[in-house]
Amino acid sequence: MEWFWVILVLLLVGSAASLLGSFIVLKGFGMLGDAISHAVLPAIVIGYLIGGIYDNNWFLILSIALAVLTSLTIEWLYQRTRMYPDGIMGLIFTFLFALGLLMIDLWTYSVDLDPECVLFGEAAYIPFSFFLIGNALIPKQLILSVIIWLIILIFTFAGYRPLALSTFDRIYAHSIKMHPSLWQYSISALVAVLTVIAIESVGIVLLLSILVVPASIAFLWAKRLHSMIFLAQIVNATLIFLGLLFALYVDIPISAGIAILGGLALLTITILKKK
Amino acid sequence: MNQKNPVIKVTNLTAGYDTGPVIWGVSFEIPEGVVAGIVGPNGAGKSTLLKVMVGILKPHSGTVLFWNKEYSEVYKRIAYVPQKEEVDWTFPATVYDVVMMGRWVHKGLWKRITKQDKEIVRQALETVEMWDYRNRQISKLSGGQQQRVFFARALAQDPDLFLLDEPFAGVDMKTEETLLELLKQQASKGKTVVVVHHNLFTAAEHFQWLVLLNMHVVSVGPPEEVLTSENIERAYGGHLPVLAKLSQRLSSLREKPTR
Amino acid sequence: MDLPIHIFVALAFIGWFSGLMGAVLLVHHRVLIGDVLSHSVLAGVAFVFLLFLEVSFPLLIAGAIASTLLAALLIEFIKNRTPLKEDVVLGIVLAFMFAIGIAFLAVSQKIPSIEKAMLNTLLLGEVSAILPNEVPYMVIASIVGSLVIWLLYKGWFFTGFDPVFGQTQQVPINRLRKILLFIVASGILLTAYISGVVLAVGLLIAPALIGRFFSTRLYSTLLLSGLSGAVLAVLGGIVSAKVEGLSTGPLIIFSAGLIGLLTILFSPHYGIVLHRIRYVLFKWSRGQENILRAAYKVLERTGNTSYAFSLEELKQACDDPPPSWTILLKVLEMKGFVKQSGNKWLLTPQGLEKAKRLTRLHRLLELYLSEIVKIAPEKVHSYAESLEHIITPEVEQRLYELLRDKQYDPHKKPVPWNGSG
């Protein structure tokens with residue numbers, strides 16, 4: 001039963017990440033996703049800290065609000081800065097990540113996080129914290145993952161046209177009032193929300209991996225956008241199953257197992273693909 | 001040509017980027033049913049002007065009206081064709097997908113694609129002679145084919161006004177001729193076409209109405225009136241070889257019966 | 001806790017070298033590749049550790065270089081073989097190499113051995129873990145790396161700024177780019193040693209941005225980046241010695257990042273804060289000039305230079321109203337350009353002289369724009385309005401010489417030359 005929960009959470013988070021990832025890969029914003037997932041750490045720690053003090057799970061919402069704010073600021077700076085946007089972004093995300101780590105150090109007794117967990121997650125601990133719903137004990141992570149998965153699924157379907165058009169031809173999208181910036185900001189905000197929810201279970205490394213790898217593999221194969229998005233889902237599920245088995249077999253963190261397998265899969269396809 | 005009822009009316013438009021205005025106090029009108037060209041040297045602010053007209057850039061001051069209305073009221077009737085370099089051609093889409101995007105402006109987020117939409121897309125693709133390529137991945141198109149696909153998307157939008165940014169840059173002669181013929185067809189149906197164009201030599205032959213631009217409007221009107229050596233000197237800054245060549249072309253043009 | 005001196009020596013040299021690497025990457029717009037390479041360090045080091053179980057510093061360097069080079073190769077390979085964009089490829093390789101590092105780390109935790117704490121410190125950095133016998137290696141590596149960067153100084157000009165021109169000059173652009181990757185791939189271990197692999201890129205970027213934002217040339221950018229790298233690293237060391245219980249890597253990056261952000265905000269050429277201040281100052285000085293010119297217009301209409309005008313008359317004559325009438329009139333009064341008498345205002349002789357000069361400049365500019373630039377007369381006024389405030393005395397003199405014999409501006413108003421009305 002416990003492994004069932006773990007797999008389910010990983011699949012949901014992975015599916016949500018590769019939905020967003022499809023557009024991130026097409027836009028070429030891989031490192032922006034990485035930057036946002038690092039930069040929201042202080043926001044996460046603040047939520048955990050206050051939530052830990054009052055023993056109340058609802059402070060997660062505070063984390064989410066702060067994380068969204070952080071991501072929007074970074075996206076805004078990235079788009080506005082004319083001189084070295086990559087440098088400014090790099091400076092800010094390392095600065096914020098360092099701040100987050102220091103906050104964990106400072107309040108190590110009130111904050112239920114440690115640096116290793118932030119980096120590579122603890123998927124195996126997913127079934128350790130439960131909500132009581134009716135008569136059933138459902139893992140907290142599962143409920144949160146279902147919610148964020150649904151949000152991102154609806155977002156992708158509802159926004160399919162503007163997302164596609166503003167990725168392919170931003171200027172035309174702008175000219176027919178599809179507000180490409182709004183959709184671009186929404187993607188960043190959702191990456192931030194996903195990070196807050198998934199950081200405990202998958203960690204930043206796996207999050208980056210599932211954001212870019214399944215979508216990239218799908219991109220190399222697919223001819224049309226909807227088939228790319230669909231293919232990314234299949235690749236994601238396959239990678240998670242195989243990666244989990246691999247990780248358990250050689251006894252390494254689950255997140256590392258899945259990320260290694262993802263990298264290998266992409267490399268194999270790159271080698272096999274005719275130029 | 002109905003000059004009393006301009007399709008586009010630009011009044012005292014100053015616009016540019018954070019570093020300062022690129023176009024200064026630009027005013028002109030474009031009448032209905034013509035193929036009009038916005039011409040001027042590199043850096044004259046032609047593309048900037050077009051971007052302001054379709055609301056991508058906010059002007060510092062001045063107004064742009066289409067059929068005496070704001071752009072946001074009539075954008076569905078206006079098809080903008082960006083420079084093809086501004087688009088990501090590695091995007092996973094087929095020719096058919098791109099042209100179908102032209103229907104999205106009428107469909108919003110939710111409305112389904114109908115048989116009628118598919119018929120419109122088919123016609124647009126046939127018009128530009130790309131129907132046989134409909135299932136081709138866009139990364140495998142030549143420059144000329146890319147431009148045809150772009151124009152087909154504009155056709156699929158079924159607009160009353162076309163705004164094209166440098167459509168003839170980097171395309172072969174045959175595509176240029178076909179496209180121009182198609183544009184003229186649209187104009188003869190009463191639609192208006194505005195083309196940003198950098199080549200002064202072909203401008204006289206391509207367009208029935210010209211806006212000569214170099215950061216400010218040098219002259220507006222039919223090519224015979226606009227392309228005087230004095231105006232060209234003011235726009236291009238007394239470049240003698242250009243002037244000499246152009247006066248030859250103009251004299252041959254004036255011998256033709258007036259349109 | 002006091003840190004021994006050898007650690008500060010190491011910090012200074014590594015900081016200097018990190019700043020240099022960061023600056024060269026920055027001008028190539030490739031700083032984020034530093035992030036990928038630093039994350040890749042872990043895999044190599046952990047692999048060497050698993051292989052030999054006990055390691056010396058040279059072996060560590062070899063392992064780190066091997067894995068960072070592998071990462072660099074993977075980036076180039078995927079980029080060349082696929083249409084994926086560079087940023088995405090960086091993300092893929094980062095996740096892949098770091099995951100391998102984490103896997104090795106996890107495996108090493110199960111081996112009962114003494115030195116495995118070292119691997120953990122590599123993750124987030126630990127300054128006090130630097131041993132005296134390691135310092136000479138670090139110093140030598142930093143010096144060699146810096147020398148290579150200095151020797152190829154001219155090359156970075158071409159690769160960073162104008163690779164096409166470089167190729168016409170027979171500069172081996174591609175080889176230089178590979179060398180740059182190689183330098184960073186070998187050098188990043190040193191940075192990672194003090195700040196941890198996760199945050200190392202911060203110690204490259206912060207000094208590089210400081211250097212770049214405080215200088216306008218490559219030469220001074222490199223020098224300044226190196227210096228501020230050394231200062232930031234040593235400062236981080238001091239801070240981490242003073243504050244107990246906090247990890248040193250994050251502390252160094254936090255303080256470096258903070259100083260970096262502040263200096264960028266306040267830097268002279270590009271800083272947002274000073275830019276804003278200058279803009280406000282400009283608006284206020286421009287407001288004063290506009291008031292004087294409006295006053296001249298009123299006097300011109302009345303034909304009486306000692307005419308006392310009201311605020312209303314002034315407002316009517318001014319096309320570009322200043323931010324505040326009352327404050328600026330007070331300022332002009334303090335400067336001795338205007339005098340208040342009751343509700344009315346007078347121009348003093350100096351004020352009249354200045355107002356005349358400004359008007360002359362404005363009308364000459366209008367003339368210049370309409371006759372030489374050939375802009376339609378109805379538009380020249382607003383252009384002249386924005387240009388006149390930024391004209392230098394040299395340009396003003398040239399205008400006088402060029403338009404010496406003109407008596408009237410395009411709107412048929414007289415040009416107030418000295419001596420005339």
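Restricting region B:84-105 to residues that are part of a helix (DSSP H, G or I) and over 17 Å from B:Leu155 (Cα atoms), which is nearest to the other protein chains (Cβ to nearest Cβ)? Spell out the reasoning first.
Restricting attention to region B:84-105, the residues satisfying the condition of being part of a helix (DSSP H, G or I) are B:84-86, B:95-105.
Filter once more, so that each one left must be over 17 Å from B:Leu155 (Cα atoms): B:85-86.
Values: B:Glu85: 11, B:Glu86: 5 Å.
Filtering region B:84-105 for residues that are part of a helix (DSSP H, G or I) and over 17 Å from B:Leu155 (Cα atoms), the one nearest to the other protein chains (Cβ to nearest Cβ) comes out as B:Glu86.
Being farther than 23 Å from A:Leu182 by Cβ and small (Gly, Ala, Ser) is the filter; apply it to region A:57-88 and report the residue that is surrounded by the fewest Cβ atoms within 10 Å (Cβ to Cβ). Quick ask: steps written out before the conclusion?
Residues of region A:57-88 farther than 23 Å from A:Leu182 by Cβ: A:57-60, A:62-63, A:83-84, A:86-87.
Narrowing further to those that are small (Gly, Ala, Ser): A:63, A:87.
Numbers: A:Ser63: 26, A:Gly87: 28.
So the residue we want is A:Ser63.
Going by what's in this entry, would C:Leu84 be described as without any contact (Cβ under 8 Å) to a residue 40 or more places away in the chain and not in a helix (DSSP H, G or I)?
Numbers: without any contact (Cβ under 8 Å) to a residue 40 or more places away in the chain: yes; not in a helix (DSSP H, G or I): yes.
Answer is yes for this residue.
Taking into account only those residues within region B:103-117 that are surrounded by 14 or more Cβ atoms within 10 Å (Cβ to Cβ) and farther than 18 Å from A:His179 by Cβ, which is nearest to the chain's Cα centre (by Cα)? Full working, then the answer.
Pass one, region B:103-117, residues surrounded by 14 or more Cβ atoms within 10 Å (Cβ to Cβ): B:103-107, B:117.
Now restrict to residues that are farther than 18 Å from A:His179 by Cβ: B:103, B:117.
Numbers: B:Arg103: 19, B:Asp117: 24 Å.
Filtering first and then ranking leaves B:Arg103.
Mind listing just one residue for me: the one in region A:238-258 that is buried (at least 17 other Cβ atoms within 10 Å of the Cβ) and closer than 25 Å to B:Pro92 by Cα and, of those, nearest to the other protein chains (Cβ to nearest Cβ)?
The first filter runs over region A:238-258 and keeps only residues buried (at least 17 other Cβ atoms within 10 Å of the Cβ), leaving A:239-240, A:243-244, A:246-247, A:252-258.
Adding the requirement that they be closer than 25 Å to B:Pro92 by Cα leaves A:239-240.
Values: A:Leu239: 12, A:Ile240: 14 Å.
Looking at the filtered set, the residue picked out is A:Leu239.
Do we have B:Ala79 as touching a residue at least 60 places away in the same chain (Cβ under 8 Å), within 18 Å of the chain's Cα centre (by Cα) and in a loop (DSSP other than H, G, I, E, B) here? Break it down stepwise before answering.
Working: touching a residue at least 60 places away in the same chain (Cβ under 8 Å): yes; within 18 Å of the chain's Cα centre (by Cα): yes; in a loop (DSSP other than H, G, I, E, B): no.
Answer is no for this residue.
Of the residues A:Val193, A:Val235, only one is away from chain C (no Cβ under 11 Å), assigned to a helix (DSSP H, G or I), farther than 27 Å from C:Lys79 by Cα and among the aliphatic types (A, V, I, L, M); which?
Details: A:Val235 fails: farther than 27 Å from C:Lys79 by Cα.
Checking each option against the conditions leaves just A:Val193.
Residue-by-condition table, conditions (1) within 28 Å of A:Ile126 (Cα to Cα); (2) within 9 Å of another protein chain (Cβ to nearest Cβ):
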| position | (1), (2) |
| --- | --- |
| A:Ala189 | yes, no |
| A:Val213 | yes, yes |
| A:Ala218 | no, yes |
| A:Arg224 | no, yes |
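Scan region A:89-103 for residues that are at the interface with chain C (Cβ under 7 Å from one of its Cβ atoms) and surrounded by fewer than 24 Cβ atoms within 10 Å (Cβ to Cβ) and jot them down. Give the derivation first.
Within region A:89-103, the subset at the interface with chain C (Cβ under 7 Å from one of its Cβ atoms) is A:90-91, A:94-95, A:97-99, A:101-102.
The answer is A:Leu99, A:Leu102.
Take the residues in region A:105-129 that are assigned to a helix (DSSP H, G or I) and more than 9 Å from chain C (Cβ to nearest Cβ); name whichever of them is surrounded by the fewest Cβ atoms within 10 Å (Cβ to Cβ).
To start, the set of residues in region A:105-129 that are assigned to a helix (DSSP H, G or I) comprises A:105-106, A:115-120, A:123-128.
Of the ones still in play, those that are also more than 9 Å from chain C (Cβ to nearest Cβ) are A:117-118, A:123-128.
Working: A:Cys117: 16, A:Val118: 23, A:Ala123: 27, A:Ala124: 15, A:Tyr125: 14, A:Ile126: 25, A:Pro127: 19, A:Phe128: 12.
My answer is A:Phe128.
Give the residue that is nearest to the chain's Cα centre (by Cα), with candidates limited to residues of region C:216-268 that are of a type in the set (Gly, Ala, Ser) and surrounded by fewer than 19 Cβ atoms within 10 Å (Cβ to Cβ). Quick ask: steps written out before the conclusion?
Narrowing region C:216-268 to residues of a type in the set (Gly, Ala, Ser): C:220, C:225-226, C:228-230, C:233, C:236-237, C:240-241, C:245, C:247, C:249, C:255-257, C:260, C:267.
Those still in the list that are surrounded by fewer than 19 Cβ atoms within 10 Å (Cβ to Cβ) too: C:220, C:241, C:245.
Working: C:Ser220: 12, C:Ala241: 30, C:Gly245: 34 Å.
Step by step, filter region C:216-268, then rank; the result is C:Ser220.
Those residues that are farther than 19 Å from B:Gln186 by Cβ and within 11 Å of another protein chain (Cβ to nearest Cβ), I need them from region B:106-132; list them, please.
Taking region B:106-132 and keeping what is farther than 19 Å from B:Gln186 by Cβ, we get B:107-118, B:132.
Selection gives B:Lys107, B:Gly108, B:Leu109, B:Trp110, B:Lys111, B:Ile113.
Specify which of the listed residues (C:Ile65, C:Ile75) is assigned to a helix (DSSP H, G or I) and either more than 12 Å from every other protein chain (Cβ to nearest Cβ) or in contact with a Ser or Thr (Cβ under 7 Å, 6 or more places away or on another chain) (or both).
Working: C:Ile75 fails: either more than 12 Å from every other protein chain (Cβ to nearest Cβ) or in contact with a Ser or Thr (Cβ under 7 Å, 6 or more places away or on another chain) (or both).
Every option except C:Ile65 fails the conditions.
Can you find, within region B:46-62, the residue that is surrounded by the fewest Cβ atoms within 10 Å (Cβ to Cβ) among those that are within 19 Å of the chain's Cα centre (by Cα) and among the hydroxyl-bearing types (Ser, Thr, Tyr)?
Out of the qualifying residues, it is B:Ser47.
So, in region A:29-56, of the ones that are hydrophobic (A, V, I, L, M, F, W, C) and more than 14 Å from chain C (Cβ to nearest Cβ), which residue ends up surrounded by the fewest Cβ atoms within 10 Å (Cβ to Cβ)?
Restricting attention to region A:29-56, the residues satisfying the condition of being hydrophobic (A, V, I, L, M, F, W, C) are A:29, A:31-32, A:35-36, A:39-41, A:43-46, A:49-50, A:53.
Narrowing the set further to residues that are more than 14 Å from chain C (Cβ to nearest Cβ) leaves A:40, A:43-44, A:46, A:49-50, A:53.
On the way: A:Val40: 31, A:Ala43: 24, A:Ile44: 28, A:Ile46: 19, A:Leu49: 21, A:Ile50: 16, A:Ile53: 12.
Across region A:29-56, the extreme among qualifying residues is A:Ile53.
Of the residues B:Val193, B:Val226, only one is crowded, with 22+ Cβ neighbours inside 10 Å and in contact (Cβ under 8 Å) with a residue 60 or more places away in the chain; which? Step through it out loud before you land on a result.
Values: B:Val226 fails: in contact (Cβ under 8 Å) with a residue 60 or more places away in the chain.
Going through B:Val193, B:Val226 in turn, just one is crowded, with 22+ Cβ neighbours inside 10 Å and in contact (Cβ under 8 Å) with a residue 60 or more places away in the chain: B:Val193.
Suppose the filter is under 29 Å from B:Glu86 (Cα atoms), of a type in the set (Lys, Arg) and at the interface with another protein chain (Cβ under 7 Å from one of its Cβ atoms); does A:Arg170 pass it?
Numbers: under 29 Å from B:Glu86 (Cα atoms): yes; of a type in the set (Lys, Arg): yes; at the interface with another protein chain (Cβ under 7 Å from one of its Cβ atoms): no.
It is false that A:Arg170 is under 29 Å from B:Glu86 (Cα atoms), of a type in the set (Lys, Arg) and at the interface with another protein chain (Cβ under 7 Å from one of its Cβ atoms).
For region A:13-28, check the following and say yes or no: at least one residue is under 18 Å from the mean Cα position of the chain (by Cα), assigned to a loop (DSSP other than H, G, I, E, B) and facing another protein chain (nearest Cβ under 9 Å). I'd like the intermediate steps shown before the answer.
Quick first cut of region A:13-28, residues under 18 Å from the mean Cα position of the chain (by Cα) only: A:13-28.
Of the ones still in play, those that are also assigned to a loop (DSSP other than H, G, I, E, B) are A:28.
Restricting the remaining residues to those that are facing another protein chain (nearest Cβ under 9 Å) gives A:28.
Yes, because at least one residue in region A:13-28 is under 18 Å from the mean Cα position of the chain (by Cα), assigned to a loop (DSSP other than H, G, I, E, B) and facing another protein chain (nearest Cβ under 9 Å).
So that you can scan it fast, the table gives a plain yes or no per residue for (1) without any contact (Cβ under 8 Å) to a residue 60 or more places away in the chain; (2) more than 21 Å from C:Ala230 (Cα to Cα); (3) in the same structural domain as C:Val231 (by TED's automatic domain parsing); (4) of a type in the set (A, V, I, L, M, F, W, C):
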site	(1), (2), (3), (4)
C:Val41	no, yes, yes, yes
C:Leu50	no, yes, yes, yes
C:Ser56	yes, yes, yes, no
C:Leu59	yes, yes, yes, yes
C:Leu69	no, yes, yes, yes
C:Leu90	yes, yes, yes, yes
C:Phe96	yes, yes, yes, yes
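The values are calculated or read from the model by the stated rules, or taken from the named source; none is laboratory data. The model shown is predicted, which means the values in this text are computed figures rather than measured ones. Counting neighbours? That spans all protein chains shown, and the Cβs are built from the backbone with ideal geometry, glycine included.
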